[in-house]
1. Work out the FRET efficiency for residue 539 and residue 2 from their Cβ-Cβ distance, taking R0 = 41 Å, and round it to the nearest 0.05.
2. I need the calculated FRET efficiency for the pair residue 496 and residue 639, taking r as the beta carbon distance and R₀ as 41 Å, to the nearest 0.05.
3. Which whole-Hz ³J(HN,Hα) couplings does segment 224-237 yield from phi under the Karplus relation 6.51 cos²θ - 1.76 cosθ + 1.60, θ = phi - 60°, glycine and proline marked x?
4. How far, in nm, would the chain grow between residue 143 and residue 470 when pulled straight, counting 0.36 nm per residue and subtracting the alpha carbon separation?
5. Between residue 201 and residue 673, what is the label-to-label distance in nm when each label sits 7 Å out along the Cα-to-Cβ direction?
6. Rounded to whole Å, give me the distance from the Cα center of segment 591-609 to that of segment 1-76.
7. Per residue of the chain, what 222 nm ellipticity follows from adding -39500 (n - 2.57) for every DSSP H run with n ≥ 4, rounded to the nearest 500?
8. Calculate the spin-label point distance for residue 32 paired with residue 622, positioning each point 7 Å from the Cα along the beta-carbon direction, and give it in nanometres.
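Every read-out reported here was derived from the displayed coordinates using simple, explicitly stated rules and does not represent laboratory data. Predicted model, so just to flag it, every value in this text is computed and none were measured. All Cβ positions, glycine included, derive from the backbone under ideal geometry; neighbour counts span all protein chains shown.
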Amino acid sequence: MSLIPAALATATALGVAGAPAGLVLPQRVRGAVVGVLTAGVGVAGGASGVAALGGSRWSAQVPGLLPLAGVHLAVDALSGLFMAVAGVVVAAVALYGVGYVAGHGSHGFGSRGAQAVLPLFALTLILVPVASSVSTFLLLWELMALTSLLLVLAEQRARPSVREAGVWYAVMTHLGLVLLLVGLMVYAAQAEGETFAALRAGAAGISPSVRGLVFVLTAVAFMSKAGLVPLHAWLPRAHPEAPSAVSALMSAAMVNLGIYGLVRVGLDLLGGGPAWWWLLVMALGGLSAVYGILQAAMASDLKRLLAYSTSENMGLAVLGVGAAGLFAHAGNEALAGLALAAGLLHVVNHAAFKALLFTAAGSVLRATGERNLDLLGGLRARMPVTAGLFAVGALGAVALPPGNGFISEWLLLQSMIHGLAVPGVTTAIVLPLAVAVIALSAGLAAAVFVKALGVGFFARPRGDQATGAKESPVLMLAGMGLLAVLCAALALVPGLLGDGLDRAVAAAGYAGTQPITGGGLRVRLDEVSATLSPLWVLAALVVALGAAMTTVSWAGRRRQRREQARLWDCGGGAPTPRMAYTATSFAEPLQRVFDDVLAPEQDVDVTPVRESAYLVERVQFRNRVPDRIEHRLYRPVLELLAAAGQSARRLAGGSVHTYLGYGFFGLVTLLVALVVGW
């Protein structure tokens, strides 16, 4: 028996065994047992993914498991990449979760229901890329949606806002499912088969209009799952309200499957398409990258900030996928392979640093009970390990060396810049805009994570919760440490992924391009004659930093100035925490620059003294930066639906005669329709 089926069978057995263990085991051992079983799911699933990246392939069919269609499974390098990413994230977060659940007792994430669902959710993250038929894929996709929804609602008894987030997530994810169901059903009907092999073979015989309809329906559904603007409304609500371990799994593993579906259907099964497909994809990707990081810059809720950062990074990955389709349509498969490899590598890098950031945010939340950056501060001294690990994740998120996000954004920029050589007016206009989007999002990301790290960890504590914070348990730190090691490996030796990425790109339809070559210590792009060695970049940074510190120290010794007395402070006393920057004040300059885009809402409420209109008793200032797309797009729809619901109540008057009349007219209408159709 080869490694892939054995590993998948092991992952399935462990995931299925974890559900009853979470339900029946007593509280004192429940978290540990479920954590071990969930970690086993991740290790086994990750091993099968690594085997596929190494060149192994596997397929199987189980005829009787699903009525009529059966279950079809297949693993290639493309599915293996997403399985490996999900497996590593699941294993590390499961280890973290054992320590995390110890602070929740039998409530919330530690409840029987949440612990029973956790291993099943982890299993669906592994199995969705394995599906190789429409029915199997939709079944696993829906199981992933339902299990994640139950985990989002784990803490609904503690906070009413969790229920609202759950409603948003349930509605958005099932609207996406409806679009996906319709698109794949139309595709299967036209191709006269529902297996991926039949869809792939029948794509050429489908009319362009039907292919376009299938692509738009499925692409919108997949980009909704990835959290792309304007389909992102569920993401900044669900991620902050879910338990932090669940937030890490959703943001680092689940949203990736939206990218997987887009690549699998758009590039592999449909075999690419006209330029307008990919221009649409690139437009949504660029919009998500800029809008997501702008909203993250305005956020003071740490987990909400990270959620919007997910929209930004998924936008960059989708930008690479769209560029790959555009280059392939223009006939340059070498650049198409490079752009797709950059997008896939960014998915891998984002999974590593975002899982680390969400688990570190969970560590802060567990220690302080607070996720508002305006009320935190001083955590570097009180939680030094968490602060250091958060800094590693933040370095990856800002896309600067030696962070692991740098290499994938460098590859993405290389593909866009060299794509300017592709002839055509479209590429001449679109690609410079894409380069500008990447550069702008990287600059704003630096501001976002300087704010999060500086205000939350290095500033003075601004609340009792932050003052009394203590470091998290060892298992939580161990899980975060594994993710930090992964970030370091991806940053310093990204060439180790070169062969696996090349195979994944080939499985998506660009066989023979081999966009990335070179050893583990460097990345070489033969098609565009570019080479990068992250270790040499790190060495140069260390030398430059050492030289700067030496210069400063030497200059300080020459001056030999010593302060003999405290400087005069005009009677104001020593600075207090209230005088330090908060997350809101740090973001205020950016808010002014992008005022027209963000449309902030400000209000000043002045309460005068009762005896005099000229003396002020209290001044209250409120500054809010709402999600403008949600405000302008979703709120009118919700108001319209609410009005329709209120109007529909008039139909239910309580009269039996009225209800019989409804039934009679409904029956007559049905009979007329049948007669006309006959």
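1. Numbers: r = 42 Å, r/R0 = 1.01.
That gives a FRET efficiency of 0.50.
2. Details: r = 53 Å, r/R0 = 1.28.
For R0 = 41 Å, the calculated efficiency reads 0.20.
3. Result, rounded to whole Hz: 5, 5, 6, x, 7, 5, x, 9, 9, 4, 6, 5, x, 9.
4. Working: separation 327, 0.36 × 327 = 117.72 nm, distance 3.77 nm.
Answer, rounded to one decimal: 114.0 nm.
5. Inter-label distance under the simple model: 3.7 nm.
6. Between the Cα centre of segment 591-609 and that of segment 1-76, the gap is 52 Å.
7. Working: 26 runs with 447 residues, N = 678.
My calculation for the chain gives -22000 deg cm²/dmol from helical runs alone.
8. Output for this residue pair reads 4.9 nm.
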